[in-house]
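A short write-up of the structure that comes next.
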Amino acid sequence: MPSRTVNKNVRQPDVSARAVAVRAPGTEPVDDPGSRTLRRGLQLLDAVLASGREGLRVVDLCRAAGLERATVHRLLATLVESGYAAQRGRFRYVAGPRLAAMAQPAGMPNMAVRLRPVLERVSAACGDAAFAIVREGPASHCIARHVGTHPVQILVIQVGTRQPLGVGAAGLALLSALPDDEVNAAIAANALVLGRYGGMTPERMALLVRATRERGWSVIGNHATDGVLAVGMAVRSSEGEPVAAISVASTLDRMPRERQQLIARWMREALAALLPGGL
């Protein structure tokens, strides 16, 4: 049988080039201009989300991402145009309307609805306001709140409030339940804005994470709101992944150590009774 010959006038596929472009799972991403731009845009978006309702200035975003002002302006223009970011006043940028629309994707269980009975039970037991949050990158997003019966209610956040993950008790509980690499990434993303919350620092946040892991529930005071202390606990999915957290907040004098422990027990009991299979 005659051997096949390659027609030198027909261009053959560049197999070596394709081998470089196609990477195996788990390997480093190709550092082409498009992927670099996407990573930078996502980095800016993470910083904007973590800043909450106050937002960040362009100079803050330049520091957070290590980018030139012109590059930050160009990326922000795209984020604003697409609805992922929005301007607040003349100089600050906050999360845009498109993110709010994406907060509860179609087909996913409504976590707020499922967590409300838990909040009601915990709040009825302690008399104080209870809150539920989920994670959005390095930020926490309050999705539900239940007001208690005690005459003085500490309503530190409202539904829709976003703030850096970890500055509140629920956010700290959820942050502490994440793997180490995700904890470190969230703390690094929030480093520029942590000081706004009672002088919080990345170092103190890391210490609080370690203490929360040892205790099994979080406690934090005088950071998200001056004169307020809160207790929090992570909520896991049916697969065991940390997907939300709940908290109770009250004044410092109403939260001695014994009562903190009691509230943590009420939280654990409510989750076991109402969400035995996870969220």
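Taking all protein chains together and a 1.4 Å probe, the residues Tyr84, Tyr93 rank Tyr84, Tyr93 from largest to smallest accessible area.
Considering every alpha-carbon pair of region 131-205, the percent of pairs per 5 Å bin, from zero through the bin containing the longest distance, is 3, 16, 27, 22, 16, 9, 4, 2, 0.
Largest accessible area first, the listed residues Thr161, Thr37 line up as Thr37, Thr161 when surface is computed with a 1.4 Å probe on the assembled protein chains.
Rolling a 1.4 angstrom probe over region 134-279 with all protein chains present gives an accessible area of which 52% lies on carbon and sulfur atoms. When Arg63, Arg259 are compared by accessible area of protein heavy atoms, the largest-first order is Arg63, Arg259, using a 1.4 Å probe. Per residue, the convex hull around the alpha carbon atoms of region 219-279 comes to 73 Å³. Using a simple spin-label model with pseudo-atoms 7 Å out from Cα toward Cβ, Arg39 and Arg74 lie 1.7 nm apart. Placing +1 on the Cβ of every Lys and Arg and -1 on the Cβ of every Asp and Glu, with no other charges, gives region 172-279 a dipole of roughly 340 debye about its Cα centre.
Simple spin-label estimate for Leu207 and Ser237 gives 3.4 nm between the two label positions (7 Å along the Cα-to-Cβ direction from each Cα).
A dipole drawn for region 113-182 from +1 and -1 charges on Cβ atoms has a positive end, and of Leu165, Ile154, Ile133 the residue lying farthest that way is Ile154. Note down the accessible area of Phe91, probe 1.4 Å, to the nearest 10 Å². It works out to around 130 Å².
The values are calculated or read from the model by the stated rules, or taken from the named source; none is laboratory data. It should be emphasised that the depicted structure is a prediction, and the values quoted were computed from it without experimental measurement. Here the Cβ is made from the backbone with ideal geometry for all residues, glycine too, and neighbour counts use every protein chain on show. For the accessible areas, the whole protein counts, side chains as well, though only heavy atoms, and no ligand, DNA or RNA atoms are used. Shrake-Rupley method; radii C 1.70, N 1.55, O 1.52, S 1.80 Å.
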